[in-house]
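Below is one structure, written out as structure tokens; the observations come after it.
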Amino acid sequence: MDQKSNFEKHGNHIWEYLNWSPSKQQLEQLKDLQCLLKESNKQVNLTRLIEGNDFWVSQILDSLWPFKDNLSKQNKPLEIIDVGTGCGLPGLALAIGIPNSSITLVDSIYKKTTALNEIIRELDLISRVHIRTERIELTGQNRKFRNKFDFALARAVAQAPTLAEYLIPLLNRSGKAVIYKGNWSKKEHKELVGSLHPLKGQIEEIKKFQLPDNRGLRNVIFLSSAEGCPNQYPRSIGLPAKKPLSQLTD
């Protein structure tokens, strides 16, 4: 891959925050990912965070830190789905960081998933990373994907009650939904709690992390559904965003 990032200047300090270091091959794949995103951005607007620590801190570290334990203790294969993946993150960072994982990337925009298919091929991840070009409401009602995943992720896609309805139906009985957020207010917390009862979901924990280099505060909300989500969720296309369950249960 041409024009590798200068990792001596950018990124080489981030691993201490994870208590983990990538192998030589993993580091090369992450550098290649940065270059491939730069190239793809010339054709499709995937992300503006591709230079220097915009990439290494705001993309890679931000994607990986909720999975510190999984990075250091890779005991079992993981099934992970990244909803509204956009530029492929956090899903591709996890595919590289956790080699025994199988990743499904979902996005409804064909131009983005076409670019991601090429990136996955270049990274030699095609056997473990699968792409679906469709609305997540359809994925959530597909028997092949429902109740399947150990982790269902969403990063900067929608409001938390909407994301809960997208993600919880995808979880297996021990699975966790992972919602990435910046600031997290009491109002947002209350709205999320209000949406979880009909989904048979609950908040497992909320983790906070101050990203280095003044990149801001990150909150990550972990949800579970030990009882299993009722079959009527997610509702039909558009409804989770237009009429969040938190509004219907007030």
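No value in this document is a laboratory result; all are computed from the given coordinates. What you see is a predicted model; the values in this text were computed from it and never measured. All Cβ positions, even for glycine, are placed from backbone atoms using ideal geometry, and neighbour counts span all protein chains on display.
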Do we have ASN70 as farther than 18 Å from ALA115 by Cβ, outside any helix (DSSP H, G or I) and not aliphatic (A, V, I, L, M) here?
-> no
So is LEU94 closer than 17 Å to VAL44 by Cα, touching a residue at least 24 places away in the same chain (Cβ under 8 Å) and buried (at least 22 other Cβ atoms within 10 Å of the Cβ) or not?
-> no
Would you mind finding the one in LYS73, LYS38, LYS68 that is without any contact (Cβ under 8 Å) to a residue 12 or more places away in the chain and surrounded by fewer than 19 Cβ atoms within 10 Å (Cβ to Cβ)?
-> LYS73
Note on the stretch 210-225: residues farther than 14 Å from ALA164 by Cα and either of a type in the set (Asp, Glu) or part of a loop (DSSP other than H, G, I, E, B) (or both) are PRO212, ASP213, ASN214, ARG215
Taking the stretch 43-62 and keeping residues assigned to a helix (DSSP H, G or I) and either of a type in the set (A, V, I, L, M, F, W, C) or touching a Leu at 6+ places or on another chain (Cβ under 8 Å) (or both) leaves PHE55, TRP56, VAL57, SER58, GLN59, ILE60, LEU61, ASP62
Is it the case that THR104 is surrounded by 20 or more Cβ atoms within 10 Å (Cβ to Cβ) and either acidic (Asp, Glu) or in contact with a strand residue (DSSP E or B) (Cβ under 7 Å, 6 or more places away or on another chain) (or both)?
-> yes
Considering the stretch 194-209 alone, what residues qualify as being surrounded by fewer than 17 Cβ atoms within 10 Å (Cβ to Cβ) and of a type in the set (S, T, N, Q)?
-> GLN202
